[in-house]
1. Could you let me know the centre-to-centre spacing of region 269-304 and region 228-243, using Cα atoms, in angstrom?
2. Val233 to Leu435: FRET efficiency via 1/(1 + (r/R0)^6), r the Cβ-Cβ distance, R0 56 Å, to the nearest 0.05?
3. With the cut-off at 1.5 for a/c, could you classify region 266-330 from its C-alpha gyration tensor as rounded, prolate or oblate?
4. Calculate the FRET efficiency for Ser547 and Ser602 from the Cβ-Cβ distance with a Förster distance of 30 Å, rounded to the nearest 0.05.
5. Could you tell me which of rounded, prolate or oblate describes region 348-436, using a ≥ b ≥ c as the square roots of the eigenvalues of the alpha-carbon gyration tensor, with rounded for a/c under 1.5 and, failing that, prolate when a/b is larger than b/c and oblate otherwise?
6. Please work out how much length the chain gains when fully extended from Val246 to Ile571, using 0.36 nm per residue of separation minus the C-alpha to C-alpha distance, in nm with one decimal.
7. How many angstrom lie between the C-alpha centres of region 50-83 and region 539-560?
8. List, in the order given, every pair from Lys47/Lys623; Lys199/Lys274; Lys274/Lys623 whose Cα-Cα distance in the structure shown is over 23 Å.
Amino acid sequence: MGVLVDTSEEGGGGRNGRQGSWSFLTRRKRVDSPEFSSTNSQAQLAKELTVPNLMAIGVGATIGAGVYVLVGTVAREHSGPSLAISFLIAGFAAALSAFCYAELASRCPSAGSAYHYSYICVGEGVAWLIGWALILEYTIGGAAVARGITPNLAALVGGVGNLPLFLSRQLIPGIDIIVDPLAAIMIFIITGLLCVGIKESTMIQSVVTSVNICAMVFVILAGGYLGFKSGWVGYELPTGYFPFGVNGMLAGSATVFFSYIGFDAVASTAEEVKNPQRDLPLGIGGSLFLCCGLYMMVSIVIVGLVPYYAINPDTPISSAFADHGMQWAAYIINAGAFTALCSSLMGSILPQPRILMAMARDGLLPPFFSDINELSQVPVKSTIFTGIVAAVLAFTMEVSQLAGMVSVGTLLAFTVVAISVLILRYIPPDEVPLLPSLQEPIISVSTGYGWSSLHSNEKDTEANVGTSGKQKPLVVEEDVSIDYPLISNHLASGNYLHEGNRRSVVGWVIALTCFGVFVLTYAASDLTLLSSVRFALCGVGGALLLSGLVFLTSIDQDDARHNFGHSGGFICPFVPLLPIACILINSYLLVNLGGNTWARVSIWLAIGLLVYIFYGRTHSTLKDAVYVSTTQLDDTFRTSTSSLA
């Protein structure tokens, strides 16, 4: 293995493009690995979670009170009696993203979820975008859920008039703001629970989630009994099972897809899992499977008890039972909705402090957010900050109008995670950053690997080592052997060119495939375009998509993927078909979110861009890192370990 120092001038487009003025956007951090876990001096979160804990987090974050209303709205407007099929298709689409999350979570079991994976596989610029979007998602999502607790509690106690005055919503005269004290109180209570410890808060969430599941099981069993007793009148209609056609059923699937969002909260706790390679895939898959089963069974019962056109859109489940003489069932259903909101609120607040902590660890946010409490071993400061911001929003704003912004962060994260799987399989990062704090210790104990001569060569060539500004990165080529110095230079150059071409070509194919997906989904969704333009764009996008799929299917995946991160975990099946299908579905949903939603999100992303330019870019821990070959660093680490032993 030989050592090369790239001394090309800035802007010359050096290897991996790190010489340009925008090179900071492509900085990638090192993947987690067992070999280097001992060198990590950062404080770690407590490893307390097992599969039941993860399923409680996933189910609690996924099943909110919306399902108690969603079944009525989607059945009346889109699906009719085929509502269960809509939930099944949406669950299948969500499972595509879950497969991608499961592989990356087991390979890279650190806090940060999609932000962490994209930083390792794609680059710092995309990672910042995802992290900033996820902050918006969890903040608005938590506030929106909290605002829904007051009306559900009022329904449980018999009306708004039965709530104590200090818990009721109040209109502030003069400024026309309706404040919600109960929403803020609930956020502060859950924030306090999360600060106590991950094990204690997860136990409470398990209890609350169990009550919600019991309420849904009651709906299934009692509703099934009523359905068999009454003859399932909702399925004996002249319009059949698809009154709105197959298109209506698919439109219903797109609507209920967002009811599956929540399993990504499981991935955010990866650092706190005892056995992440085994438990994370089981927790993600198990929670998604359980949610899909409950959704389908509830929808089968409700559309069977009442004809779809007669379902009450506001209270579909309790009204269906009331029509069959079971008015008292409304109390159980309202209790289930209330507990669903509480567990969903905890699932919304739990991931954000870990996202903030991961970004602060990487230097993109102030170190205040990365502090971990020694007693509870959770990021208490980040949790309190998250709770205060969410409580202020829930107390003062009607955030339901901003709920669409939550979907942007989720769908962007799902898309980038799928892209990360393609990168991992076909062009896994072959260089890793060596931080300044680790350069001297490794150099001092690895003289057998030639690091000392490397430094002398560096001085002779006056090449600055680094990744930003005028500094030049250290590039170590695997294909030039120092073990066999007499090897033909011609053969070495041929191998280097072949490998370099392969990675470049595959990278461009993945990029063009994603571009084709965007063109296809945009053209298919924008009805304002001329028909000829739409068909032309659909043809171009479809051609790029199919060409990329065929190309990636016909070539071998990179063997380096076997040693990427932690081994022995879940492996995503049907690559590249599954990740590309995931990108296609999520892109279609992103394009159809609407102009108003994108306008609001653009303001938030613009603010994030300014924060990154003026703080994150200059404080990144990778600012002065040296990039070296993965193979050389692994061998150097083994050499240094043997020397120290």
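The values are calculated or read from the model by the stated rules, or taken from the named source; none is laboratory data. Because the structure is predicted, anything quoted here is derived from the model rather than measured. Neighbour counts are summed over all protein chains in view; Cβ atoms, including those assigned to glycine, are modelled from backbone coordinates with ideal geometry. For accessibility, only protein heavy atoms count, side chains too; no ligands or nucleic acids. Shrake-Rupley method; radii C 1.70, N 1.55, O 1.52, S 1.80 Å.
1. Comparing the Cα centres of region 269-304 and region 228-243, I get a distance of 30 Å.
2. With a Förster radius of 56 Å, E is 0.25.
3. Prolate.
4. Once rounded, the FRET efficiency stands at 0.45.
5. oblate
6. Roughly 113.7 nm would be gained on extension.
7. Cα centres, region 50-83 to region 539-560: 35 Å.
8. Lys47/Lys623; Lys274/Lys623
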